[in-house]
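Worksheet for the structure shown next.
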Amino acid sequence: MQYLHAEKGIKKIYISQIIAVIALLLVSCSTLFVKLFIYASLDADEVISNILLLLVGGGFELLAVIAFVLMVIYGMLGYWNASKDDSEFRRAMICVLASGVLAIIGSLFQLPSPMLHTMFSAASMVLELFIVVYAISGIINLAQGCEHSEMADEGDRLLKIMVFTYIISAIDKLIIRIFELSDQAKIISGIMGVLDLIVSLLQYVLILRYLRKTENMLKTVNAANGDVT
């Protein structure tokens with residue numbers, strides 16, 4: 001049996017995850033700049049300071065929004081292709097759309113309303129967990145269909161790791177928000193922010209590695225079953 005649609009879909013999903021890493025780094029740069037700008041004691045003219053904040057902070061946010069849009073587009077196309085070979089990817093596709101919309105809206109509120117930004121980001125993160133669960137479940141089904149039990153077993157382990165890291169990331173974000181409200185604990189907030197970034201990057205590294213192995217598995221199976229592309 002061939003999984004041509006899934007192979008094409010996994011390629012697009014892989015690209016969407018690379019774009020997601022870029023978007024994450026852009027958001028992190030924007031957040032870091034805004035915090036440093038606000039917390040630093042700058043003697044510059046207020047008008048010039050506001051213009052600088054808008055240009056640099058807003059520029060990072062705009063690039064992040066563009067990256068998020070591209071991530072959603074590639075993700076949707078990838079999951080749509082893969083869903084033709086396994087229905088779990090269709091559920092992931094729906095969650096990608098909802099998560100992408102929430103993430104974009106949340107990023108627009110980072111400067112004017114940090115509280116709304118946190119709320120939308122938290123909701124988006126919950127949906128991201130469902131995306132991961134459905135996507136890995138779909139890959140496990142494909143691995144079983146390809147009779148690659150080692151890939152299915154790795155998927156089971158990865159699923160447990162991802163759920164654990166998402167819980168850690170959620171706790172980090174909650175702690176960050178709590179300490180952001182306190183003028184005496186901004187250093188703790190910054191440390192937790194760095195930890196959250198590290199956990200998020202770890203998640204993407206693990207997912208990208210598994211997607212690459214899945215793509216190679218499908219390519220091998222399709223070639224063995226008559227795929228000459």
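The values are calculated or read from the model by the stated rules, or taken from the named source; none is laboratory data. Bear in mind that the values here come from a model prediction, so they are computed numbers and not experimental data. Every residue, glycine as well, gets a Cβ built from its backbone with ideal geometry; the counts of neighbours run over all protein chains shown. To get the accessible areas, we keep the full protein, side chains included, count just its heavy atoms, and leave off ligands, DNA and RNA. Shrake-Rupley method; radii C 1.70, N 1.55, O 1.52, S 1.80 Å.
Data table
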| quantity | calculated |
| --- | --- |
| In nm, spacing of pseudo-spin labels at T220 and L108 (7 Å Cα→C-beta vector) | 4.6 |
| Net length gained if the chain between I22 and V194 were fully extended (0.36 nm per residue, minus Cα distance) | 60.3 nm |
| Listed residues D153, D196 arranged by accessible area, highest first, probe 1.4 Å | D153, D196 |
| Residues I94 and Q144, FRET efficiency given R0 of 22 Å [Cβ-Cβ distance, rounded to 0.05] | 0.40 |
| For K11, solvent-accessible area (1.4 Å; no DNA, RNA or ligand), Å² | 80 |
| Order of exposure, largest accessible area first, which applies to S28, S200, S87 with probe 1.4 Å | S87, S28, S200 |
| FRET efficiency, A122 to V163 (Cβ-Cβ, R0 22 Å, nearest 0.05) | 0.85 |
